[in-house]
Every structure is written in structure tokens, then in C-alpha cells.
1. Have a look at TYR217, TYR178 and point out the one that is closer than 15 Å to SER80 by Cα and aromatic (Phe, Trp, Tyr).
2. Given the structure, is SER191 surrounded by 21 or more Cβ atoms within 10 Å (Cβ to Cβ), in contact (Cβ under 8 Å) with a residue 40 or more places away in the chain, under 21 Å from VAL89 (Cα atoms) and of a type in the set (Ser, Thr, Tyr)?
3. Out of the helices (runs of 4 or more DSSP H) lying entirely within segment 209-314, which hold 2 or more residues that are open to solvent by less than 10 Å² (accessible area, probe 1.4 Å) and within 16 Å of ligand 2 (Cβ to nearest atom)?
4. Among the residues of segment 128-154, write down those that are in contact with a Gly (Cβ under 9 Å, 6 or more places away or on another chain), part of a helix (DSSP H, G or I) and of a type in the set (D, E, K, R).
5. Within segment 1-21, which residues are buried (at least 24 other Cβ atoms within 10 Å of the Cβ) and on the phi > 0 side of the Ramachandran plot?
6. Could you list, in sequence order, the residues of segment 85-111 that are open to solvent by less than 50 Å² (accessible area, probe 1.4 Å) and either in contact (Cβ under 8 Å) with a residue 60 or more places away in the chain or more than 23 Å from ASN176 (Cα to Cα) (or both)?
7. Considering only segment 159-208, how many residues are near ligand 2 (Cβ under 10 Å from one of its atoms) and assigned to a helix (DSSP H, G or I)?
8. In this structure, is THR69 within 23 Å of PHE158 (Cα to Cα), away from ligand 2 (no atom under 16 Å from the Cβ) and surrounded by fewer than 24 Cβ atoms within 10 Å (Cβ to Cβ)?
Amino acid sequence: MHNQKRILVTGGAGFLGSHLCERLVENGNNVLCLDNFFTGTKRNISHLFGKPNFELIRHDLVQPVLIETDAIYNLACPASPIHYQYNPVKTVKTSVMGAIHMLGLAKRVKAKILQASTSEIYGNPTVHPQSETYQGNVNTIGPRSCYDEGKRCAETLFFDYHRQNQVNIRVVRIFNTYGPRMHPNDGRVVSNFIVQALTNKDITVFGDGSQTRSFCYVNDMIEGIVRMMEGSDAFIGPVNLGNPEEVSVLELAEKIIDLTGTQSKIVFQPLPQDDPVQRQPDIQLAKEKLNWKPFIQLESGLKNTIDYFDQILTQC
Ligand code: NAD
Ligand code: UDP
């Protein structure tokens with residue numbers, strides 16, 4: 001195949017990873033998906049099993065692995081608070097040891113490597129919107145710290161391997177992303193509200209729902225991630241990727257009630273500790289350097305996601 005690259009996607013059976021594998025396979029690359037199936041599922045990638053340029057390996061990134069590859073997208077890490085808090089020590093190990101193992105591999109086989117970092121590295125931000133120069137407001141010892149600090153340390157490792165060993169790195173800071181193939185029990189707000197609405201259960205708004213998030217549809221996000229990996233070696237990031245369309249959690253609940261026509265009622269539950277009050281990406285840098293911006297508006301992205309959950313819930 002013309003210009004065929006070998007690409008390793010860690011966390012490839014997860015929500016974002018499966019969309020990324022699909023995109024890279026479609027582009028004619030040889031894709032190796034690595035996953036331990038903690039939050040990912042075979043269902044997410046089963047449509048790729050018959051393709052000659054797709055392979056799957058079950059492996060836990062806390063253990064080293066030697067694979068010949070030209071590029072690595074490092075996505076392995078649970079992303080939903082309930083899952084990353086389930087075994088916080090393991091979450092730190094996945095972020096930190098996973099980064100060390102993948103950076104060591106990249107150094108050894110001279111592969112380009114991209115880290116899926118997160119808006120969580122900004123913590124509960126005191127600057128709004130958040131640009132890449134903001135250094136964050138993160139609790140080192142709270143329930144979210146295993147994820148936030150693990151991801152911060154991974155960024156540190158990426159930049160140290162780059163400076164010390166000339167590893168060709170990219171770092172993207174992903175803001176809240178949603179879409180088909182989120183796990184129905186994922187626990188993040190969009191999937192929770194949609195599944196609750198479709199099953200006529202109470203919609204669980206934490207706190208008073210005034211906290212904000214900015215939600216990016218998965219296709220837009222994958223486009224940004226691939227552009228960053230394939231862009232100039234002179235721009236390694238970190239770069240914010242996300243949709244600046246900011247909504248409160250209560251507005252999101254009301255929108256989903258409207259779009260599904262559900263009988264569900266909103267109920268208010270306690271706000272989890274350290275839950276960020278507001279979050280909105282400044283994406284000026286991505287616009288300038290990658291000529292990237294999201295196109296899919298919240299309402300149309302939510303409709304696609306509702307259709308997806310409607311299908312899988314009727315199959316269950
Ligand atoms: P996800 O939970 O659906 O996917 C994570 C994948 O990593 C799963 O398939 C899981 O089984 C796998 N995994 C976890 N620990 C592993 C380990 N030790 N070894 C091998 N595989 C392991 O989450 P997602 O939303 O697809 O997130 C993918 C990446 O993007 C994560 O690194 C996450 O931190 C980052 N991110 C996502 C968002 C978002 O809104 N979706 C926002 C910021 C950052
Ligand atoms: N949230 C909520 N109800 C839920 C799940 C989440 O109100 O059933 C809130 C949560 O408290 C947070 C926001 O929605 O303020 C986004 O939560 P999510 O877990 O999706 O992501 P993160 O907090 O990591 O941005």
C-alpha cells in the first residue's frame with residue numbers, strides 16, 4: 001500500500017481510541033490497537049477485525065512491550081472520574097509508567113509519539129478560558145489527583161524525553177469530548193444523561209448544575225489529534241483541542257430532555273469534591289498552527305449520540 005505506516009494506538013478499544021483506529025485504518029495505515037479492556041470493549045473495534053491492516057493486542061501498559069512501529073498515539077488511561085477513581089494507584093501507574101514505556105519504545109524504534117493529555121491538567125481553573133500558558137490549579141491529594149497529576153507527570157516525561165533524548169513528541173490537551181461508543185456505564189455526564197433520559201430514569205445533576213463544561217464532538221476531536229500528529233515537527237504542543245461552546249450542566253440536562261422527549265425528571269445530587277467550576281478551551285493556538293477548529297454543534301452532536309445509545313440500549 002502507498003506510504004503505509006505502522007501505527008500503534010494504546011487505549012485503542014476505548015471511546016476515542018476506536019474512532020482513531022477507524023480513521024487511521026481508512027487512511028491505509030497498518031494499525032495495531034493495544035488495550036487491556038479496562039474501560040474499552042471489543043464491540044468498539046469489532047467492525048475493524050476483518051481488515052488486513054488492523055491488529056489487536058491485549059496488553060497492560062503498566063508492563064513494558066516491544067513493538068516495531070513508526071508512530072504511537074498514547075491514549076491508554078481511563079478518562080471517566082468513576083473509572084479512574086476506582087483504582088487510583090493503577091491510574092497513576094497507567095499514566096506514568098505507560099508514558100515511560102511508550103517513550104522508551106519511541107526512543108528505541110525512533111517513532112513519533114503523541115500524548116493524549118487533558119484539560120484536567122488545569123485543575124479547577126482560576127483563569128477563563130484556559131490557554132496553554134495557564135499552569136493550572138490542581139489539588140495534589142484529592143480524589144481527582146491520581147488522574148490530574150498522572151497526566152501532568154506524563155507531560156513532564158514527554159518534554160524531558162524530547163529535550164534529553166530528542167524523541168519526536170506531540171502533546172494535545174483534550175477537553176470534554178462525547179459521541180457514539182462512549183460506554184453506557186461510562187459515568188461521564190453526556191452518556192449518563194442520555195442513558196437516563198432514554199430509560200426514563202431520573203437525570204442526576206451534581207451540585208446545582210451551574211458548573212460549566214465545553215463539549216466537543218468526537219469527529220472534530222479525531223481530526224485535531226491526527227492533524228497534530230501529522231503536522232510539522234516544529235510544533236510539538238502542548239495544544240488545546242476542544243469546542244469553546246460552553247454550557248452549564250443544568251443546560252445540558254435540559255437540552256437532552258428536549259431532544260429525547262423523555263419523561264425523566266432532574267434530581268440534584270451532591271457535587272463531587274474538587275469538581276471544576278468552569279471549563280472552556282482557548283483554541284487560538286490550534287487555529288493558528290493546525291488550521292483546526294470544531295464544526296459540529298452541540299445539538300447535532302447530541303442527536304447522533306442519542307441515536308447511538310438508542311440502538312445499543314434496544315440491543316441489550
Ligand atoms: P476510555 O476510557 O473510553 O478509553 C481509555 C482506553 O484505555 C480504554 O480502552 C481502556 O481499556 C484503556 N486502558 C486503560 N488503562 C490501560 C492500561 N493500563 N493498559 C492498556 N490499556 C488501558 O476513554 P477515552 O475518552 O477514549 O479517553 C482516551 C484518552 O483521551 C485518555 O488518555 C484520556 O485521558 C484522554 N482524554 C479524553 C477526554 C474525553 O473527554 N474523552 C478528555 C481529556 C482527555
Ligand atoms: N455530572 C453530573 N451528573 C452526572 C455526571 C456528571 O452533574 O451524572 C457533572 C460533574 O459533576 C461535572 C460535569 O458533569 O461537573 C462533567 O462531568 P464528567 O464526569 O463528564 O467530566 P469532568 O468532570 O471530568 O469534566
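The values are calculated or read from the model by the stated rules, or taken from the named source; none is laboratory data. From a predicted model like this one, the values you see are computed outputs, not experimental measurements. Positions of Cβ are generated from backbone atoms using ideal geometry, with glycine treated the same way; all protein chains shown enter the neighbour counts. Note: areas computed on protein heavy atoms with side chains; ligands, DNA, RNA excluded. Shrake-Rupley method; radii C 1.70, N 1.55, O 1.52, S 1.80 Å.
1. TYR178
2. no
3. Per the criteria, 218-230, 249-260.
4. If the condition is that a residue be in contact with a Gly (Cβ under 9 Å, 6 or more places away or on another chain), part of a helix (DSSP H, G or I) and of a type in the set (D, E, K, R), then ASP148, ARG152 are the ones that fit.
5. GLY11, the sole residue that qualifies.
6. Matches in segment 85-111: VAL96, GLY98, HIS101, MET102, LEU103, GLY104, LEU105, ALA106, VAL109, ALA111.
7. Of the residues in that region, 7 qualify.
8. Against the criterion (within 23 Å of PHE158 (Cα to Cα), away from ligand 2 (no atom under 16 Å from the Cβ) and surrounded by fewer than 24 Cβ atoms within 10 Å (Cβ to Cβ)), THR69 qualifies.
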